[in-house]
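These notes concern the structure reproduced below.
The values are calculated or read from the model by the stated rules, or taken from the named source; none is laboratory data. Keep in mind it's a predicted model, so treat the numbers as computed, not measured. Note: ideal-geometry Cβ built from the backbone for every residue, glycine included; neighbour counts use all protein chains shown. Only protein heavy atoms, including side chains, enter the accessible area calculation; ligands, DNA and RNA are left aside. Shrake-Rupley method; radii C 1.70, N 1.55, O 1.52, S 1.80 Å.
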Amino acid sequence: MKVIVLGAGIVGVTSAYQLAKAGHDVTVIDRQSGPALETSFANAGEVSFGYCSPWAAPGIPMKAIKWLFMKHAPLILRPKLDMAMLSWMARMLSNCTSERYAINKSRMLRLADYSRIALAELRAETGIAYDERMQGTLQLFRTQQQLEASAKDVKALAADGIPYEVLDRDGCVRFEPALKHVRDKIVGGLLTPKDETGDCFKFTNALAAKAAALGVRFAYGTTIEALDVDAGRVRGVITDRERMSAEAVVVALGSYSPLLLRPLGIRLLVYPVKGYSLTIPITDASRAPESTVMDETYKIAITRLGDRIRVGGMAEISGYTNDLGLARRSTLEHSVTDLFPGGDISKASFWSGLRPMTPDGTPVIGPTKVAGLFLNTGHGTLGWTMSTGSARLIGDLVSGRLPEIDAKDLGISRYGLNRPGNTKEG
């Protein structure tokens, strides 16, 4: 089929590659001048197959109130008269129960583990290099209360057969030797050894080149104005340059997906949650992390990417604003210098991006009520982690094949707001 993929971030490019491999005639449209120039550009670098949890969790509402008064808060809320924001927040709060947490985490782990397999196979198939490391993620606890609270995550990991190890202080230092300088600041950690790290921007650009070699066309610098729908079926895409016809369209526009779908009466519960990052050159390797350390207190990931450290995190709910707040930079600097002192943060580059979050943490992958129109969006902080598995799913769904994993509860119908008209849901 003639397929158009909307968006050239990590999710859009992996989708295009898989669709081209399936034999489709694929075009990717993006407003930027190249791939991975928005949310995928400078994310935390984690590929978190095991450290994979919904933000909506028991106790989060009370924690959120506390965080609002912290100097270095992991959550920043700038409320406004925005019904999309209020509806999204209400839905997220309704998912902060033990029952919903278990359901949401289980399906996230299912997709993440599928992505782990898909990424390994894609890497072997293409030989792509992207400062990758396969040494795991260490979720670091500064308090005994944090360590004890990790029991719910351990239970979910065990239930889904995901390898893990609970470490004491000495175990954390053995895994990340640079922590020996600050060992008294930590009490323990949760290690997920199958997790990986890598530069998402490098990976996406390299895969886009591979996709182009398969015949995928990239229409960069092109603004998407609307979807062309007639008689309940998608017919193409209207851009600022031309109308482009297609038999199927995959929407992978991250936070901007709901805005494109709204005129069609499709309500997609995805909202932008801004994150920030610093990229710091390594000046002393003995004081740098070997893989990813997740600072649980500030919800900040500190990741080794070749000769750099990427420090990423925080959640700012403020709509479609992408300004750089200096207070957010201060929080990133505090976390990394507190755990890995000695780096030259004066040479760091500062960035922010809009993560497309769903209220339950799970992306939306599958058909819509418009025939031929598919979604692959809403991955939140885990777009890099879940991209390859999500791309395989969308490749199967568009092609009318039964997916290799259960995809029924990943679609938009789980919200009860839309009724898919296409039955290719696996």
Answer yes or no: is there a residue in the stretch 284-293 that is in a strand (DSSP E or B), over 28 Å from Ser87 (Cα atoms) and open to solvent by 10 Å² or more (accessible area, probe 1.4 Å).
no
Could you look through the stretch 171-211, keep only residues that are touching a helix residue (DSSP H, G or I) at 6+ places or on another chain (Cβ under 8 Å) and open to solvent by 60 Å² or more (accessible area, probe 1.4 Å), and pick out the one that is nearest to Ala149 (Cα to Cα)?
Lys185
Name the residues in the stretch 212-243 that are open to solvent by less than 30 Å² (accessible area, probe 1.4 Å) and either modelled with pLDDT under 95 or of a type in the set (A, V, I, L, M) (or both), would you?
Val216, Ala219, Leu227, Val234, Val237
Pairs, please: C-beta under 8 Å, at least 6 apart or cross-chain, first residue over 23 Å from Asp307 (Cα atoms) and in the stretch 108-134, second part of a helix (DSSP H, G or I) and at pLDDT below 95?
Leu109/Ala156; Leu109/Leu157
Among the residues of the stretch 293-315, which ones are within 19 Å of the chain's Cα centre (by Cα) and farther than 18 Å from Phe41 by Cα?
Val293, Met294, Asp295, Glu296, Tyr298, Lys299
Being in contact with a helix residue (DSSP H, G or I) (Cβ under 9 Å, 6 or more places away or on another chain), at pLDDT below 95 and not in a helix (DSSP H, G or I), is that true of even one residue in the stretch 152-160?
yes
Which members of the stretch 136-145 meet the condition of being out of contact with any Cys (no Cβ under 7 Å at 6 or more places or on another chain) and either open to solvent by less than 60 Å² (accessible area, probe 1.4 Å) or assigned to a loop (DSSP other than H, G, I, E, B) (or both)?
Gly136, Thr137, Gln139, Phe141, Arg142, Thr143
Segments classed as strands (runs of 3 or more DSSP E), wholly inside the stretch 325-379, with at least 1 members that are among the β-branched types (Val, Ile, Thr) and open to solvent by 30 Å² or more (accessible area, probe 1.4 Å):
none
Tell me yes or no: at least one residue of the stretch 257-280 is over 17 Å from Val11 (Cα atoms), small (Gly, Ala, Ser), open to solvent by less than 20 Å² (accessible area, probe 1.4 Å) and in a loop (DSSP other than H, G, I, E, B).
no
Restricting to strands (runs of 3 or more DSSP E) lying wholly in the stretch 1-107: which have 2 or more residues that are open to solvent by less than 10 Å² (accessible area, probe 1.4 Å) and among the aromatic types (Phe, Trp, Tyr)?
none
Hey, among the residues in the stretch 310-324 that are among the polar types (S, T, N, Q) and open to solvent by 10 Å² or more (accessible area, probe 1.4 Å), which one's nearest to Ser87 (Cα to Cα)?
Thr321
Those residues that are touching a residue at least 40 places away in the same chain (Cβ under 8 Å) and either in contact with a strand residue (DSSP E or B) (Cβ under 9 Å, 6 or more places away or on another chain) or outside any helix (DSSP H, G or I) (or both), I need them from the stretch 203-220; list them, please.
Ala208, Ala211, Leu214, Gly215, Val216, Arg217, Phe218, Ala219, Tyr220
Which one of Glu121, Glu148 is surrounded by fewer than 20 Cβ atoms within 10 Å (Cβ to Cβ) and over 24 Å from Ser335 (Cα atoms)?
Glu121
Among residues of the stretch 27-43, those that are among the β-branched types (Val, Ile, Thr), closer than 23 Å to Arg243 by Cβ and touching a Ser or Thr at 6+ places or on another chain (Cβ under 9 Å), counted:
2
Would you mention how many residues in the stretch 151-170 are of a type in the set (A, V, I, L, M, F, W, C), in contact (Cβ under 8 Å) with a residue 60 or more places away in the chain and surrounded by fewer than 16 Cβ atoms within 10 Å (Cβ to Cβ)?
0
Exactly one of (1) assigned to a helix (DSSP H, G or I); (2) open to solvent by less than 50 Å² (accessible area, probe 1.4 Å); (3) not polar (S, T, N, Q) is unmet by Ile128. Its number?
(1)
Taking first residues from the stretch 239-255 that are without any contact (Cβ under 8 Å) to a residue 40 or more places away in the chain and second residues anywhere that are part of a strand (DSSP E or B) and open to solvent by 10 Å² or more (accessible area, probe 1.4 Å), the pairs with Cβ under 7 Å that are 6 or more apart or on different chains are Asp240/Glu225; Arg243/Asp228
When residues of the stretch 258-292 are limited to those that are farther than 30 Å from Leu373 by Cα and free of Cβ contacts under 8 Å to residues at least 60 places away in the same chain, the one farthest from the chain's Cα centre (by Cα):
Asp284
